[in-house]
Amino acid sequence: MIKSMTGYGIASFDSGNTKYTVEIKSLNSKFLELSLRLPKIFSEKEFQLRTDCSKQIERGKVNLSINVEQANTAAKAAGIDTALLKNYFEQLKAVSAELNEPAGNLLQLALGLPEVVKYDEETLSDDEWKLVERTFNQAMTAFQQFRRDEGDVLEQDLRYRIDIILQNLKLIEIEEPKRIPIIRERLDQFLAEAVGREAIDQNRFEQELIYFIDKLDITEEKVRLKTHCDYFLETLKNDDANGKKLGFISQEIGREINTLGSKANDANIQKLVVGMKEELEKIKEQLLNVL
């Protein structure tokens, strides 16, 4: 089983006075790139949220947002330090009289001085955080399910393309024995035209032919390619995140396919190799989105 790095999860909880909404989105990335958009009241929980995300999400370009909607939108009352306000006001009046300047709106000026007006800061209660944490876990569950569902689709496609590569490998095994007679006939004809058939040393010709054909042997490549494909399919079944591992295996598959093509020396086999390469490129594209 594999999981996609693309994911989406959202969950909400409405307590009557307050509605909490948690949304998690991710795209593919080689590493974990986590972006958090939180109300100021949750800033103290940012480290905990990052830790939870890194453990559960592992990789991907992730955006986590928490939104809080208050049913009562009235601003919270502000407190005024009346003693400090009076002190500032009296001092401003004294300075104004001493400088013989018009008093103007000294009260407005005094209200703007430090510590006169104090707004009640929002604090996050334990009960409120428990509600948000529960909503976060629900969003994460939906997010992980989305990844698994996408992973199932990716797995089916990867199995399909590996199966095509294996089918082409079977066709290559059918075509391979046809090469030898063709190669032998072509070399024999070339020598006959070059030096004359009566001048050909048949024993030497057979020895050189065996050496030449041995260099074109693709038995090892076929065995290794089959082994790598089987290992790829086996790895798809594992529960762990295997995107990188599958990428490494696909590289090994590519090496064997390339060697098959370079040693084939046969047009029909080359066509089958091209088909393998086409499927492998599609596999590599899909693996970019596998966790």
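Ligands, DNA and RNA left out, the 1.4 Å accessible surface of the range 222-291 is 50% carbon and sulfur atoms. Between Glu220 and Glu101, residue separation times 0.36 nm minus the direct Cα-Cα distance comes to 32.8 nm. Per residue, the accessible area of the range 1-156 comes to 64 Å² when a 1.4 Å probe rolls over the protein heavy atoms. Annotation: lysines with alpha-carbon distance below 29 angstrom to Lys61 (same-chain offsets under eight excluded): Lys3, Lys19, Lys25, Lys30, Lys40, Lys45, Lys130, Lys237, Lys244, Lys245, Lys282, Lys284.
Computed over protein heavy atoms with a 1.4 Å probe, the accessible surface of the range 242-288 works out to 50 Å² per residue.
Packing-based ranking of 86-92, 222-228, 125-131 yields 222-228, 86-92, 125-131, ordered from highest to lowest mean Cβ neighbour count within 10 Å.
In whole percent, and with a 1.4 Å probe on the protein chains, what portion of the accessible area of the range 1-109 is carbon and sulfur?
On the way: 3730 of 7120 Å².
About 52 percent, which is the carbon plus sulfur part of the accessible surface.
The values are calculated or read from the model by the stated rules, or taken from the named source; none is laboratory data. Just so it is clear, the model here is predicted, and its values are computed rather than measured. Backbone-built Cβ (ideal geometry, glycine too); neighbour counts: all protein chains shown. Protein only, heavy atoms only, side chains kept; ligands, DNA and RNA dropped before computing areas. Shrake-Rupley method; radii C 1.70, N 1.55, O 1.52, S 1.80 Å.
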